[in-house]
Every structure is written in C-alpha cells, then in structure tokens.
Amino acid sequence: MESLSSEHDRLAAEQRTQRLRILGLNAVEAEATFDRIARLAASFTHSPLAMVNFVNDERQMFRGMYVPTSPEDTADADGVTIPFDLTNVAREAPGDYGFCPHVVAQQTQLALDDVFDYPRFKGNPLVNDLGVRSYLGTPLRDNTGMILGTVCVADFRPRAWDRHLKQGMHELTETLLSEFRLRDSLLAQQQELFAVFDGAPFPIMLTEGPEHMLRYANGKQGHAFGMIRQFTPGRLALPGLETVGVFNAMDDALSTGRTTTLPQVSLRTFDSPTPQHFSFLCTPVRTSPGAPFKGVLTVAMSSAGQSYGAEPQAFSSNVQQQFERLGGGPL
C-alpha cells in the first residue's frame, strides 16, 4: 500500500511540475501579482510571514512573499517582536521543508495553532530555523482544479486560526484563478503564433531561460537537428548545435537583449547525407514591453537559397513585436 501511495505522489508531482512549466511558473522568481496576494494574506491575518508557494517535484518556489522590511514592521498585532531578521529569507526551499508539502499532499487546508502540539510537525526545519509556532496553509488550485502549491501565513507565537481566517484564506486563494485563466488564454494565443511557424520551410525553435529549455520547435527543426521533448534543456539535447556555437549565440541574445547572428556554420543534419551550411538568427523575446527577456527564438537558414524574407533585423523586430503584443504571460 505504501509503494502505491508513493507512486501516486510521484506521478502527481510530475504532473504538477509539467503544469508549472506550461504556465511559466516553474522557477524561483518574484512576481508582483503573487507578492501582492502574500501581502494581502499577511494583512488580513495579521501575520508576519506570508507566501504564495509553488511546489514542483524537486523544490518549493516562493514567487509571492511578504516579510517585514523595516524595524517598525517587526512587531505583530500584540506588540511581540519578531526574533529574526527576515529580510534575506530565500524564495526557495527543498521539497520537504516546512508545512506546505503536507497541504499539497493532503489536498486540504492545514491549520496549526501551535506546532508543538503536533509531534510530527514540531521537529520540522521551519520551526528550528525560523522559530515558527503557528501556520495556516491553503491549497492553491489552478483553473483546471490541479493543486500547484499553497497560499500560506505563519506566526512566531501560538495562535488560533478561527473559521473567519480560514474562510478568508480560501477566498483570497481563489482570486488567483483569474491569473491562471489569463495565462492559459495567452498560451492559446502563442499557439496561434506557433501555427504560423509550423509551415515555415526552415528550422525554428523557441527556448526559455538560461538553460534554453525547449518550449516549441517546428517540424523542420526536428527533421534537421533532432526531435526533443518539450522543456528539455536544449544545450544537452542538441549537441550538434552546441558544438558549432549556436547556444553561445543564444546566450548572447538572452543576456544582451539584442539579436545575435551566427553566420555560415557547417554541420550534419538528420535529413541530409552531407554536411549543410546554415546561418542562425537568435532573437530574444519577451511577452510584454519593458519585461525582462526570458526566451530566444532561433531560426536556421541554409545556404541553399533560403533567406529571412527581409533583413535579419527586420525579421527579429517583427518576432519581438508579435510576442510583446501578447501582453504578458508564460515564457
């Protein structure tokens, strides 16, 4: 029975991680929407610590967080001074740290009025490291019903989490449903953009983050350089492109925010018995103006008469504008 339960938990964690990747939430990165919810949770419950916590198969990611930021904020509603400097609390933790993993596993709200009343919890690292004595965590469900993590608050003294506070936390958590719906809507719009790339006569791939995890590749990309699964780190999965310097060019595009060109490299492809000559155009992309660049769209043009249809810079500018018109969302 234990092995069946363990297997169920493993599969659930994998599915949750996949959903977080799709939504663009599988990273340790502060986000204003989630920070605002954490701040509201702390204010509503008069708690010194609050988080919007996403849990994947390896770690917890606090994309929303509220902690006291000045000395005058370090006393709770009863004037009790917080015994720790919380300004440098990390936005990530191991997968078994604290109480949120229990909320995700049990799929129900967890209220601990005094951690010391529960032998299974009082030895938790969160108690030893920060002195947490009470905790209220609520499952964070997306618009499909999948639990992605928690919205939680904690205090450094025992306290009673009454029905009003518990219900309020449920209602606050549900306000994030609109955020997940918006992300799914923007994903649908991205798919429409990708449909245009599907028919292109040259390889195209979109990667995300410094590891260049694959979010999209058209058929030509797979036929020429190899089919790889979505969200696979491209540098490891496509050694041929790594060898000729394509991923270095992608690094430059992502770090500088400027289009990078890798001209005339020779490499073997899966769809030709002889080496082919390509030029690569690496365009940094973001999903709203002013946001940081999070992805790179890489186009490979062979020397066999193909062109970008316009000057490379014009092509890259058009790509950037199309993504930015999406107005935010996953990438």
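For the stretch 209-225, take each phi angle, set θ = phi - 60°, evaluate the Karplus expression 6.51 cos²θ - 1.76 cosθ + 1.60, and give the result in whole Hz per residue in order, putting x for glycine and proline.
Residue by residue, the stretch 209-225 yields x, x, 7, 6, 6, 6, 9, 7, 8, 7, x, 4, 4, x, 5, 7, 10 Hz.
Report the FRET efficiency, 1/(1 + (r/R0)^6), for residue 271 and residue 318, where r is their Cβ-Cβ distance and R0 is 30 Å, rounded to 0.05.
0.65
Could you give the C-alpha radius of gyration of the stretch 195-251 expressed as a fraction of 2.2 N^0.38 Å, taking N as the number of residues it contains?
So the Cα radius of gyration is 1.04 times the expected 2.2 N^0.38 Å.
Where does helix 32-45 land angle-wise versus the long Cα axis of the chain, in degrees 0 to 90, nearest 10?
The angle comes out near 10 degrees.
First select every other residue whose beta carbon is under 14 angstrom from the beta carbon of residue 115; then total the charges, Lys and Arg +1, Asp and Glu -1.
Summing Lys and Arg as +1 and Asp and Glu as -1 gives 0.
If we sort 268-276, 33-41, 47-55, 121-129 on the protection proxy, mean other Cβ atoms within 10 Å, highest first, what's the order?
Output ranking for 268-276, 33-41, 47-55, 121-129: 47-55, 33-41, 121-129, 268-276.
If I model a spin label at residue 198 and residue 105 as a point 7 Å from the Cα along the Cα→Cβ vector, what separation in nanometres do I get?
4.2 nm
Could you point to the residue in 224, 287, 273 farthest towards the positive end of the chain's charge dipole, with +1 and -1 charges on the Cβ of Lys/Arg and Asp/Glu respectively?
About the Cα centre, the residue reaching furthest to the positive side is 273.
Please give the solvent-accessible surface of residue 69 in Å², to the nearest 10, using a probe radius of 1.4 Å with every protein chain present.
Roughly 110 Å² of residue 69 is accessible to a 1.4 Å probe.
Work out the length of the dipole vector of the stretch 181-331 about its Cα centre, built from +1 on the beta-carbon of each Lys and Arg and -1 on the beta-carbon of each Asp and Glu, and round it to the nearest 20 debye.
For this selection, approximately 200 debye.
Let me know the charge dipole size of the chain about its Cα centre in debye, to the nearest 20, where only the beta-carbon of Lys, Arg (+1) and Asp, Glu (-1) is charged.
Working: 28 positive and 37 negative charges, 132 e Å.
Charge dipole, the chain, about its Cα centre: 640 debye, nearest 20.
Calculate how large, on average over all directions, the projected area of the Cα convex hull of the chain is; give the answer in nm² to one decimal.
19.6 nm²
Where Lys and Arg each count +1 and Asp and Glu each count -1, what net charge lies around residue 91 among other residues with Cβ under 14 Å from its Cβ? Numbers along the way, then the final one.
Working: positive: 59, 63; negative: 29, 31, 35, 92.
Around residue 91, the charge tally is -2.
Going by alpha carbons, how many degrees (0 to 90, nearest 10) lie between the helix axis of 2-23 and the longest principal axis of the chain?
Roughly 60 degrees, rounded to the nearest 10.
What does the charge count around residue 176 come to, taking other residues whose C-beta lies under 15 Å from its C-beta (Lys +1, Arg +1, Asp -1, Glu -1)?
Spelling it out: positives minus negatives among the neighbours equals 0.
Helix 246-256 versus the longest principal axis of the chain: what angle, 0 to 90°, nearest 10, using Cα atoms?
The two axes meet at around 60 degrees.
Just the number: Rg to Rh for the stretch 104-230, Cα atoms, Kirkwood Rh, two decimals. Intermediate results must be reported in sequence, preceding the final value.
Details: Rg = 22.1 Å, Rh = 18.3 Å.
So for the stretch 104-230, dividing Rg by the Kirkwood Rh gives 1.21.
Taking a probe of 1.4 angstrom, what is the accessible area of residue 185 in Å², to the nearest 10?
60 Å²
Let me cross-check residue 14: its accessible surface, 1.4 Å probe, with only protein heavy atoms counted, in Å² to the nearest 10?
80 Å²
How would 215, 141 line up by accessible area, probe 1.4 Å, largest first?
Ranking 215, 141 by accessible area, largest first, yields 141, 215.
Rank these residues by their accessible area, most exposed first, probe 1.4 Å: 135, 97, 118.
Solvent-accessible surface, decreasing: 118, 97, 135.
Compute the FRET efficiency between residue 117 and residue 69 as 1/(1 + (r/R0)^6), taking r as their Cβ-Cβ distance and R0 = 22 Å, and round to the nearest 0.05.
Efficiency, from the Cβ-Cβ distance: 0.10.
Given 107, 143, 34, which one lies farthest toward the positive end of the charge dipole of the chain, if we put +1 on the Cβ of every Lys and Arg and -1 on the Cβ of every Asp and Glu?
143
The values are calculated or read from the model by the stated rules, or taken from the named source; none is laboratory data. Computed from a prediction, not measured in an experiment: that's the story for all the values here. Cβ atoms come from the backbone with ideal geometry, glycine included; neighbour counts cover every protein chain shown. The area values use the complete protein model at the heavy-atom level, side chains included, leaving out ligands, DNA and RNA. Shrake-Rupley method; radii C 1.70, N 1.55, O 1.52, S 1.80 Å.
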